[in-house]
Amino acid sequence: MDVLSTKALIAGLFSWISLHTGYEIPEKAPDVVFVSHEKLVELACHDECPVLGFYHPSRVVYLDMELKPETNLCARSILVHELVHAMQHENGSFHDVDARERSILREKEALLVHRNFLRQNGRGNMFKRNLRLRRTVNGAEVREGAKNWRWPLQAYFGPDC
Ligand SMILES: [Zn+2]
């Protein structure tokens, strides 16, 4: 995914998010950096966790290097989620509540937009509310931090979404 096409993709997603949230489109688009799962964990959770993307207020979106948001709609929904966080940051959303409450409200909104994006693209029924795959081979729920959490999330990585 080269820099130019990333920019075009972000511009399109920013307008879509703006329509759904009323947020103004930031003048400067964030950089999108693809990193290893280990790096993402280090940035986002400090301990093993099922993280796929992370927004840093230095205007960088970090995505798992195995995600292909240009060709995979599920992967693109992760980029949408992180871009919502970028817009929240730039727009100063929920600034009138304390930091803890603010991060909860921002996450709720990002998940709502994320789910909307999947639904509008005909992928809504693949996911439960927590955005994990509805069905695994053995029907098991995926637990936070489970060693094999990645496998049931194949839709995000594979060619089938
Ligand atoms: Zn989030």
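Among residues of the range 104-116 that are touching a residue at least 60 places away in the same chain (Cβ under 8 Å), those with a Cβ under 9 angstrom from a residue that is not in a helix (DSSP H, G or I), sequence gap 6+ or separate chain, pair up as Glu109/Ser93; Glu109/Phe94.
Which one is modelled with the lowest pLDDT among residues in the range 110-132 that are among the polar types (S, T, N, Q) and assigned to a loop (DSSP other than H, G, I, E, B)? Among them, the one singled out is Asn130. State whether one or more residues within the range 8-18 are assigned to a loop (DSSP other than H, G, I, E, B) and at pLDDT 95 or above. No, because not a single residue in the range 8-18 is assigned to a loop (DSSP other than H, G, I, E, B) and at pLDDT 95 or above.
For Phe34, the conditions (1) more than 13 Å from the ligand (Cβ to nearest atom); (2) over 18 Å from Phe117 (Cα atoms); (3) in contact with a helix residue (DSSP H, G or I) (Cβ under 7 Å, 6 or more places away or on another chain) are fulfilled apart from (3). If you go through the range 19-54 and pick out every residue that is in a helix (DSSP H, G or I) and among the charged types (D, E, K, R), you end up with 3.
Conditions (1) touching a Lys or Arg at 6+ places or on another chain (Cβ under 6 Å); (2) within 16 Å of the ligand (Cβ to nearest atom); (3) over 21 Å from Pro159 (Cβ atoms), marked per residue:
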{"position": "Asn72", "(1), (2), (3)": "no, no, no"}
{"position": "Leu83", "(1), (2), (3)": "no, yes, yes"}
{"position": "Ala86", "(1), (2), (3)": "no, yes, yes"}
{"position": "Arg100", "(1), (2), (3)": "no, yes, yes"}
{"position": "Val113", "(1), (2), (3)": "no, yes, yes"}
{"position": "Phe117", "(1), (2), (3)": "no, yes, no"}
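Exactly one residue among Glu42, Glu90 is over 14 Å from the mean Cα position of the chain (by Cα), away from the ligand (no atom under 14 Å from the Cβ) and in contact (Cβ under 8 Å) with a residue 24 or more places away in the chain, and that residue is Glu90.
The values are calculated or read from the model by the stated rules, or taken from the named source; none is laboratory data. Model, not experiment: these values are computed from the prediction. Note that we place each Cβ from the backbone using ideal geometry, even for glycine, and neighbour counts take in every protein chain shown.
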